[in-house]
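Colleague: Encoded as structure tokens, here's the structure I'll be asking about.
The values are calculated or read from the model by the stated rules, or taken from the named source; none is laboratory data. What you are looking at is a predicted structure, and each value in this text was computed from that prediction instead of being measured. Here the Cβ positions follow ideal geometry from the backbone for every residue, glycine too, while neighbour counts run over all protein chains shown.
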Amino acid sequence: MPREIALAAEAQYVLSGSARASATRLRLTIELTDARTGLPVWSSGRDDALDDPLDAQRQAAEAIVGELASHIRRAELNRARLKGPDERDAYDLFLRARQSMHDFSRRSFDGAEELFDEVFERQPCYPEALAARAYWHMLRVGQGWSPDPGEDVARADDFVRRAIECAVPTASSFAVQGHVAAYLHKDFRAAFEAFDLALDIDPNTATAWMWRAAAHAYVGRGDRAVEAIERALALSPYDPMIYAFTSIASLACLAQGQTERAVGFARRSVAENRTYTTAYKLLVMSLGLAGRTAEAISAAEQLLTLEPDFSVALFRERSPTTASDLSVAYCKALASAGIAHS
């Protein structure tokens, strides 16, 4: 049956299930099937209270949709890996490049560059891949891994320009354009214009809401930052970039003055990606501002094992948070945890 449904709908995956309701409970059984093979990709059962039938249905639907993306992403990545080198198309290579980029072992991260190059050999105007490649250059700068930060900034600009110039630019292209403007150039007017364009195309673009939250936090608008990151997390709770979502949630909470909540999100980001230096910087700052000096010093030591050359002066030079008066407090927190001034 799933194959017939998929054929009629021109779909690659089919979600099916059944529901049983009693006076107090709603029981759901769900199965995601790969229509190409007829094999199940994921199955799950839910048992929810039925105090409010409409609310129970909404909560169940949101939870299922949130989980679907991660299972489809994993299935597509496994499919791409099983293909021989001559069988892989641009989409398969893009999936592998994106996975390598977010792996964050240095070898895997660096290997993403070659995979992106193979994508563009097959499909030069691939907006999602061009935008992701721009983000790769941004991450290399942010991680302290760039041999030439100026060159990586220039290449990020070039790739995001190419993504926008494709015949049909995507919401993700404008989202990355906004992040490039805010993070690399501290041009917040251009950033918010780009985020608006992304959300005009698709109001449910989680990365646009995430990086919009970051931009608000950079300039000290904590309330708006928290509102935007909560929207982003609700839209994509199982995103492969969840480490970035939670790190920006930490920054948003810092901008709003919620230091303990910022500590919690920073710790989540560290747990989700043990080599993501931004998470450690936020953990150091939030612990310092919460008065937890010994823990901040320990987090700073971990940060310096990943980015030995990091200093307060480098943070002040590169971090877009310098657009806010809060940057003074951030710098003091870093210094008090043992980060060198220069």
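Colleague: Residue 277: surrounded by fewer than 17 Cβ atoms within 10 Å (Cβ to Cβ), under 25 Å from the mean Cα position of the chain (by Cα) and of a type in the set (Val, Ile, Thr), yes or no?
Modeller: no
Colleague: Okay, next question. Condition first: assigned to a loop (DSSP other than H, G, I, E, B) and not small (Gly, Ala, Ser). Now tell me which residues in the range 206-261 satisfy that. So that I can check it myself, show each step before the final result.
Modeller: Here is the first cut: in the range 206-261, the ones assigned to a loop (DSSP other than H, G, I, E, B) are 219-221, 236-241, 257-258.
Answer for the range 206-261, where residues must be assigned to a loop (DSSP other than H, G, I, E, B) and not small (Gly, Ala, Ser): 219, 221, 237, 238, 239, 240, 241, 258.
Colleague: Can you tell me which residue is nearest to residue 215 (Cα to Cα) among those in the range 315-332 that are touching a Ser or Thr at 6+ places or on another chain (Cβ under 8 Å) and outside any loop (DSSP other than H, G, I, E, B)?
Modeller: Our first condition is that a residue be touching a Ser or Thr at 6+ places or on another chain (Cβ under 8 Å); within the range 315-332, this holds for 316, 319, 321, 327, 330.
Next, only the ones that are outside any loop (DSSP other than H, G, I, E, B) stay: 316, 321, 327, 330.
On the way: 316: 16, 321: 9, 327: 14, 330: 16 Å.
Top of the filtered list is 321.
Colleague: Tell me the residue from 178, 222 that is more than 15 Å from residue 321 (Cβ to Cβ), in contact with a Leu (Cβ under 9 Å, 6 or more places away or on another chain) and either among the acidic types (Asp, Glu) or crowded, with 18+ Cβ neighbours inside 10 Å (or both), please.
Modeller: Numbers: 222 fails: more than 15 Å from residue 321 (Cβ to Cβ).
Just a single option satisfies the conditions, and that option is 178.
Colleague: Kindly establish whether residue 232 is surrounded by 18 or more Cβ atoms within 10 Å (Cβ to Cβ) and either acidic (Asp, Glu) or more than 16 Å from residue 170 (Cβ to Cβ) (or both).
Modeller: Values: surrounded by 18 or more Cβ atoms within 10 Å (Cβ to Cβ): yes; either acidic (Asp, Glu) or more than 16 Å from residue 170 (Cβ to Cβ) (or both): yes.
Spelling it out, residue 232 is indeed surrounded by 18 or more Cβ atoms within 10 Å (Cβ to Cβ) and either acidic (Asp, Glu) or more than 16 Å from residue 170 (Cβ to Cβ) (or both).
Colleague: Could I ask something else about it? Within 26 Å of residue 262 (Cβ to Cβ) and either outside the structural domain of residue 281 (by TED's automatic domain parsing) or buried (at least 17 other Cβ atoms within 10 Å of the Cβ) (or both) - does that describe any residue in the range 150-170?
Modeller: So the first thing to find is which residues in the range 150-170 are within 26 Å of residue 262 (Cβ to Cβ), and the list is none.
No: zero hits.
Colleague: Which residues, counting only those in the range 104-135, are closer than 16 Å to residue 179 by Cα and of a type in the set (D, E, K, R)? Break it down stepwise before answering.
Modeller: So the first thing to find is which residues in the range 104-135 are closer than 16 Å to residue 179 by Cα, and the list is 127-135.
Residues satisfying the conditions are 128, 133.
Colleague: Exactly one of these conditions fails for residue 132: (1) buried (at least 17 other Cβ atoms within 10 Å of the Cβ); (2) out of contact with any helix residue (DSSP H, G or I) (no Cβ under 6 Å at 6 or more places or on another chain). Give me its number.
Modeller: So residue 132 meets the others, but not (2).
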